[in-house]
1. Would you please report the Å³ per residue occupied by the convex hull of the alpha carbon atoms in region 154-210?
2. Would you work out which of MET291, THR208, CYS43 lies farthest towards the positive end of the dipole of the chain? Charges go on Cβ: Lys and Arg +1, Asp and Glu -1.
3. What is the ratio of the Cα radius of gyration of region 10-101 to 2.2 N^0.38 Å, where N is its residue count, to two decimals?
4. Can you sort THR122, THR223 so the residue with the fewest Cβ neighbours within 10 Å comes first?
5. Counting alpha carbon pairs within less than 8 Å and at least 6 residues apart, what relative contact order, in whole percent, applies to the chain?
6. Rank-order 240-246, 101-107 by packing density, defined as the average count of other C-beta atoms within 10 Å over each peptide's residues, highest first.
7. Most exposed first by the Cβ proxy, i.e. fewest other Cβ within 10 Å, how do HIS285, HIS252, HIS320 rank?
8. Assigning unit charges at the beta carbon (Lys, Arg +1; Asp, Glu -1) and nothing else, what dipole magnitude in debye, to the nearest 20, does region 180-234 show about its Cα centre?
Amino acid sequence: MAKPVSIEVYNPSGKYRVVSTKSMPGTRWINLLVEQDCRVEICTQNKTILSVDDIIALIGDKCDGVIGQLTEDWGETLFSALSKAGGKAFSNMAVGYNNVDVNAANKYGVAVGNTPGVLTETTAELAASLSLAAARRIVEADEFMRAGLYEGWLPHLFVGNLLKGQTVGVIGAGRIGSAYARMMVEGFKMNLIYFDLYQSTRLEKFVTAYGEFLKANGEQPVTWKRAASMDEVLQQADLISLHPILDKTTYHLVNKERLSMMKKEAILINCSRGAVIDEVALVEHLKANPMFRVGLDVFEDEPFMKPGLADMKNAVVVPHIASASKWTREGMATLAALNVLGKIKGYPAWADPNRVEPFLNENAPPPAACPSIVNAKALSLPVSKL
Ligand SMILES: NC(=O)c1ccc[n+]([C@@H]2O[C@H](COP(=O)([O-])OP(=O)(O)OC[C@H]3O[C@@H](n4cnc5c(N)ncnc54)[C@H](O)[C@@H]3O)[C@@H](O)[C@H]2O)c1
């Protein structure tokens, strides 16, 4: 028997019971659910990561839908419990859903939502921040200053890398990878090399047009190249940022062998998922190559770092905060709530999850649709017109 967990309740007499496993930023998501006759229960248990048993206790005997987090293990056990309680909807408050067994959800007829689009720029901006922090050794310099070690300007003090004119490599040029590439190309006049399973025509057109603009102004134009393999990116780029989804094909994509292909003074950024890098191999590589630097937002065994990583001066590490801007986090909460609400109300799935702005407009009611359901096709859900 699962132990009860503490909750806070909005609209106790609501017809539909929706559970959120965490308190989420903003109030719009709560208001939208309450306005549509939902009783909203938010878990207030003082525990960062809920166990499967905790979530089973939250689901209880009758539950129409759950909003969950990427730290939770949404597999057979939870989808079976949700289905038994009459639930037909689950949404991750995240764009990545590698913590969700979508096949298990399909088996129980549960729609799985995610929150794309709303975190693209925020996540790309953190990747850009880590790129600059690593290139200009900002964290090391900050620690040095606070330790009272600064005795005056010196020619060799914290010399780092100039980005302008160097090559930025992007692995996974989807929404976030492309936004990051544009920031680095436009902001720092870097040349681009990218690898993705698909061609990113819009990104290529952007770099071409910006290159032409620079040329017309008498400046060195920027260039782009779509690499035939990931190894080509690793060998040629000075700064590499990882933005693929995490699945079987991208697990340990950057391993010992691939690290050894990279330039000795390269910078590697990861704001995707921790397991895209073999972190043990990375620690060894950082030890052997002091001029190689990394900026990491995500880790293989979160919340832990592999032994040795915390001691490395050439690593900048932050606790999975890439999507942590107020606008984005409130928007993620809204999209997750609307995914669950839409399925409860029998609304269709939104036709283009890359265009979710209408759901985020606070001055108008959201469209009668689920913003992003990843298994809409598998469940043969109807699709709305845009
Ligand atoms: N750190 C964070 O807080 C944070 C925030 C948002 C997203 N993310 C991660 O970023 C990922 C990407 O998000 P997105 O919105 O850009 O998704 P997206 O689907 O738009 O982009 C992913 C891209 O990866 C490419 N890809 C897939 N397999 C690949 C492979 N083997 N090699 C190269 N490219 C491959 C896809 O073709 C696609 O273009 C998410 O899945 C999530 O895991 C992390």
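1. It comes to 86 Å³ per residue, whole-number rounded.
2. So the residue furthest toward the plus end is THR208.
3. 1.01
4. Final ranking by Cβ density, sparse to dense: THR223, THR122.
5. RCO, the chain: 17 percent.
6. Highest mean packing first, the order is 240-246, 101-107.
7. HIS252, HIS320, HIS285
8. The dipole magnitude comes to about 140 debye.
Here, each number is a calculation from the coordinates, and none is a lab measurement. The structure presented is a predicted model; accordingly, all values stated were derived computationally and were not measured. Note that we place each Cβ from the backbone using ideal geometry, even for glycine, and neighbour counts take in every protein chain shown.
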